[in-house]
Structures are given as C-alpha cells and as structure tokens.
Amino acid sequence: MPLLEVKGLQVEFRTHDAAVRAVNGVSFTLEEGETLGIVGESGSGKSQSVLAMLGLLASNGRAKGEALYRGENLLGMPDRALNRIRGNRLSMIFQDPMSSLNPYLTIERQMTEVLELHKNLTRREAKKRAIAMLEAVRIPEAAHRIGQYPHELSGGMRQRVMIAMALLCEPEVLFADEPTTALDVTVQAQVLQLLRDLQRDFGTSIVLITHDLGVVAGLCEKVMVMYGGRVMEQCDAATLFAKPSHPYTIGLLRALPRLDQQGGELAGIPGNPPNMAHPPAGCPFHERCADATAECAEREPALETVRTSGAHATHWLRACHRPVDAMTTRYQESNHV
Ligand code: SF4
C-alpha cells in the first residue's frame, strides 16, 4: 500500500458569481522515502490540492475524491482525527515563514508547544529535542537562537526554523509549498541541500510544490505538471527532463536559464493562465499553445498512459492531442531543452 494515494481529487470554491473548480481529477501515489514535485504556474491548482488533503482549504472550499494516508481517507475525516495526523505524521512548510511563525512567541515556545501537544514531552525534554532539530537544520548557536523571536532571524534562518518545526515530530510526509521562492539564490541552494540531507537522514517522503522545474531537477524522483487545475504530464523526473512530451512542460523547461546558453533571453510562455471562474473549453492550455489545432479548442484531451517508465516503473501519463512525439523534429530544431 502506498504511503499516500490520491484518487480523483477535486476542489471547488463557492463564490458570489459561480462555483470555481480549482482542481479537477488529480491522482497520484507517494511511496515511503519518495519525493514528488508538483509543478505549475500560479493558479494551476497545485497548492490547493495539498491544502485540500490537509483539511486547510478556505471556508468556501470543498474537496471531493480520496486522499488516502496509509489507507485512511483524509478528506471528510473528523477534525480531531485529522489534527492528530496533521503536524505529526503529515507536516507542511510554507513559502513565507513570517506568515506561519507567530511573531509574538519565541522560537522555543513555538517549537516546544508542538512537541508537548503531539508527543506528550515535558517542557525540558521538548526544549532539548527542539535544539537538536535546530542543529540538524544547521542553525548556528541553536541553544542561544531558540530564545529569539522570528524578527531577530534572517529570511533564510526563519525558513530553516520552519523546516525544523515541520520535522520535529518526524513526519512521514513533508509538504513543502514553494519553500525557497522568497529566498536569494545562495540561500535557496542551501535550503534545497538541507531538504536532500534531511530526507537521506530521516527517510521523510516529500511533496514539493513549485513553479520552478529547476528546483524539481535537484530533489524529486517523480513529477506532476499541472495547468488549469488538471494534470498535464506525470512521470519520473529523469524521463520528464530527457523527453518532455507535453507542450506546457516544454514551455516551462524553455523558461529555465541554461549554463550552455549564455546571454540569450529566456523564452517565457506567452499569455496568462486561464481564469478558473470561466475556464476555456477544450484543452485548458490551448489559448497559449503554439501547437494547438481546432480540435484542441473543442475537445479536452484525456490523461492517458504513454508507457511505464523509469527504474521505479512510474506510469508516464499525458493529456495532449499533439504530444511532442509527433513534433520531434521541430522540438529538436528549437534546441532549447
Ligand atoms: Fe497544445 Fe493541443 Fe496539446 Fe493542449 S492538446 S497542449 S492545445 S497541442
């Protein structure tokens, strides 16, 4: 049984005007110790998928489908039962640590509270464990820093504290929502290395949410590319980088800076993601896709298995009427990926 199995997840928000479907039919599995990257631009549904699983949707949001953690459906689970799992077995770190850390409490109080609640430790035991975790995420002078308030720490240091807090109860799954976006490039690299090391040392499974395929390259074994609330392509990371087959994936890859192409402009994807209150008919990407045909505007492509790929036999899934296999020459000529 997979550690986490999500089947047909849908997320809908009620607004004054209409029901907005932010996530439409997302399915994936996560095994123990595995890292999955969920990639897409803002509004693709990647964050809402994870918030739905953890019961953290806004009050006008509703989730349908199944999110099975060790066989138990998290969706619709009573709050008390979900609270026991969340922050303990399943943990989350957010993009902006300042909005997640309490500015009025010291790091010590925020960390020990979690351990007292979930692990029944005494304050003294909890402090000892908290300092050890701050040391594990390489906070210098952890015994001193633990007495400080969030505003006394740098942005990179606060993100490390968030990671330490998320790992305090040794969760089985760590959900990381754009954990490096607010950080400068050097600190970004340090935080990603830290996640790699922690995964190696603690065996934690990671679901990494990001708009940046470059971040996925260094950390993830599996990738799910989302657009307009739907899965566009899903496979192991090695296959995705070697043979991206969906025009949207290729667009994301072309937007990445490359060491062997200095000085050239990055090729962003023209246009904007769809307004999910009024999603386009057909393929959600057709208004921005250079390969779109009339069929793309009329008929939504189904998510189909291309083949089973990679060492872990990941299914390679793709939703496109004109995938890259049919465009190989043009794709190679572009020499961007
Ligand atoms: Fe582009 Fe058509 Fe494929 Fe959508 S289905 S990604 S519009 S080629």
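The values are calculated or read from the model by the stated rules, or taken from the named source; none is laboratory data. These numbers come from a predicted model, not from an experiment. Reconstructed Cβ throughout: ideal geometry from the backbone, glycine too, with neighbour counts over all protein chains shown.
Can you confirm whether Glu141 is farther than 29 Å from Tyr69 by Cα, charged (D, E, K, R) and either out of contact with any Lys or Arg (no Cβ under 9 Å at 6 or more places or on another chain) or not assigned by TED's automatic domain parsing to the domain that holds Met53 (or both)?
yes
Look at the range 288-306 and say how many of its residues are surrounded by fewer than 13 Cβ atoms within 10 Å (Cβ to Cβ) and in a strand (DSSP E or B).
Residues meeting the conditions: 2.
Picking from Leu36, Leu3, Leu56, which residue would you name as being surrounded by fewer than 21 Cβ atoms within 10 Å (Cβ to Cβ) and either among the hydroxyl-bearing types (Ser, Thr, Tyr) or touching a Lys or Arg at 6+ places or on another chain (Cβ under 7 Å) (or both)?
Only one candidate qualifies: Leu3.
Give the residue, chosen from Met77, Met157, that is assigned by TED's automatic domain parsing to the domain that holds Phe202, of a type in the set (A, V, I, L, M) and more than 23 Å from Gln193 (Cα to Cα). Can you show your working first?
Details: Met157 fails: more than 23 Å from Gln193 (Cα to Cα).
Selected residue: Met77, the only one of Met77, Met157 that is assigned by TED's automatic domain parsing to the domain that holds Phe202, of a type in the set (A, V, I, L, M) and more than 23 Å from Gln193 (Cα to Cα).
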